[in-house]
Amino acid sequence: MNDAIRPVLAGKKALVVGVANDQSIAYGCARAFRNAGAEVAITWLNEKARPHVEPLARELEAPITGPLDVSVPGQLEAVFEQVRSTWGSLDILVHSIAFAPSKDLQGGLLDCSAEGFAKAMDISCHSFIRMARLAAPLMTEGGTLFAMSYLGAARVVPNYNVMGPVKAALEAACRYLAYELGPRRIRVHAISPGPLKTRAASGLKDFELLLNEAARKAPLGELVDIMDVGYACAYLATEFAHRITGGTVYVDGGANVVD
Ligand SMILES: NC(=O)c1ccc[n+]([C@@H]2O[C@H](COP(=O)([O-])OP(=O)(O)OC[C@H]3O[C@@H](n4cnc5c(N)ncnc54)[C@H](O)[C@@H]3O)[C@@H](O)[C@H]2O)c1
């Protein structure tokens, strides 16, 4: 795809959470926003992740960078304080993070522990609500919030296990947040990409089978890449999409409509 697109997001400011490396869906979003003229703020999980993320943030000319582990009290507030003091406002937020303890993720839902379920729900879902709460006051001119979901929210996808109910909760949270934030012209989208070979995906059993199945089913006949997801989000963040909110947008070559 030609990267030389019109700067339809010029002047917009986007906080993108979830870049681990250049395969991350969050990186595709940040790259697409940047190609469309926006400025981006980039976070890394911790010091171990930093050397992989910092060069990407530099390449994206991010004026705001820093650590963000949503399970560490105060870090989320610190990032939003940095956004407020540097930019004064925010237009776009991407939540592209997920986690479940591996023994809870690898086992079936029946065997998922209460602690594992709570941890997966907190990091993969409730943190989006916390982000929305902090982002909304900065979105004085309206804005767009994105959370990454997956087909396993709506259907049973073998081996997706505890993440199915967690993503279902995330999609429902998007609907309720869209309802509550609509009067402030803040739009909320769950984005549901087809399977992509990323670090997070490597934690899923038989992920290769899922990739093959998605490519076989997709009416468009091929897998998606992170820039497909990024450009879909970039479009939804523009004024051209100002009356779209609350839904789950599939970026999967159409695979979700085929049984
Ligand atoms: N890869 C796929 O096939 C696929 C498909 C649909 C949806 N998704 C979703 O996309 C999102 C991004 O995943 P990805 O596939 O790009 O993988 P990834 O490994 O590149 O990204 C996952 C990110 O989650 C972050 N993270 C985990 N725990 C965190 C915490 N406590 N605080 C802050 N960040 C934390 C990691 O640092 C990492 O950057 C996830 O929500 C995932 O469920 C992925």
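Taken over the stretch 26-56, the criterion of being part of a loop (DSSP other than H, G, I, E, B) and open to solvent by 30 Å² or more (accessible area, probe 1.4 Å) is satisfied by LEU45, ASN46, GLU47, LYS48.
Reported count of residues in the stretch 1-38, each being over 27 Å from PHE99 (Cβ atoms) and of a type in the set (D, E, K, R), is 3.
Please determine whether any residue of the stretch 14-25 is in contact (Cβ under 8 Å) with a residue 12 or more places away in the chain, in a helix (DSSP H, G or I) and under 18 Å from the mean Cα position of the chain (by Cα). Walk me through how you get there before you give the answer.
Residues of the stretch 14-25 in contact (Cβ under 8 Å) with a residue 12 or more places away in the chain: 14-25.
Filter again for in a helix (DSSP H, G or I), leaving 25.
Then keep just the ones that are under 18 Å from the mean Cα position of the chain (by Cα); that gives 25.
The answer is yes, given that some residue of the stretch 14-25 is in contact (Cβ under 8 Å) with a residue 12 or more places away in the chain, in a helix (DSSP H, G or I) and under 18 Å from the mean Cα position of the chain (by Cα).
Against the numbered list (1) surrounded by fewer than 19 Cβ atoms within 10 Å (Cβ to Cβ); (2) closer than 29 Å to HIS52 by Cα; (3) of a type in the set (Gly, Ala, Ser), GLY230 comes up short only at (1). Got at least one residue in the stretch 132-152 being within 15 Å of the ligand (Cβ to nearest atom) and of a type in the set (Lys, Arg)? No, the stretch 132-152 contains no residue that is within 15 Å of the ligand (Cβ to nearest atom) and of a type in the set (Lys, Arg). Hey, could you check the stretch 204-227 for residues that are more than 18 Å from ALA100 (Cα to Cα) and touching a Phe, Trp or Tyr at 6+ places or on another chain (Cβ under 9 Å) and say which is modelled with the highest pLDDT? The extreme case among them is ILE226.
Out of the helices (runs of 4 or more DSSP H) lying entirely within the stretch 97-201, which hold 2 or more residues that are at negative phi and surrounded by 22 or more Cβ atoms within 10 Å (Cβ to Cβ)? Explain how you work it out, then say what you get.
Details: elements: 102-106, 114-121, 127-135, 163-181.
By residue number, 127-135, 163-181.
Within the stretch 193-203, none of the residues are over 16 Å from MET148 (Cα atoms) and modelled with pLDDT of 95 or more. Can you go through VAL40, VAL17, VAL79, VAL72 and tell me which one is touching a helix residue (DSSP H, G or I) at 6+ places or on another chain (Cβ under 6 Å) and within 15 Å of the ligand (Cβ to nearest atom)? Exactly one residue qualifies, and that residue is VAL40.
The values are calculated or read from the model by the stated rules, or taken from the named source; none is laboratory data. All of these numbers come straight from a predicted model, not from anything done at the bench. Reconstructed Cβ throughout: ideal geometry from the backbone, glycine too, with neighbour counts over all protein chains shown. Just so you know, the surface numbers come from the protein's heavy atoms only, side chains and all, with ligands and any DNA or RNA stripped out. Shrake-Rupley method; radii C 1.70, N 1.55, O 1.52, S 1.80 Å.
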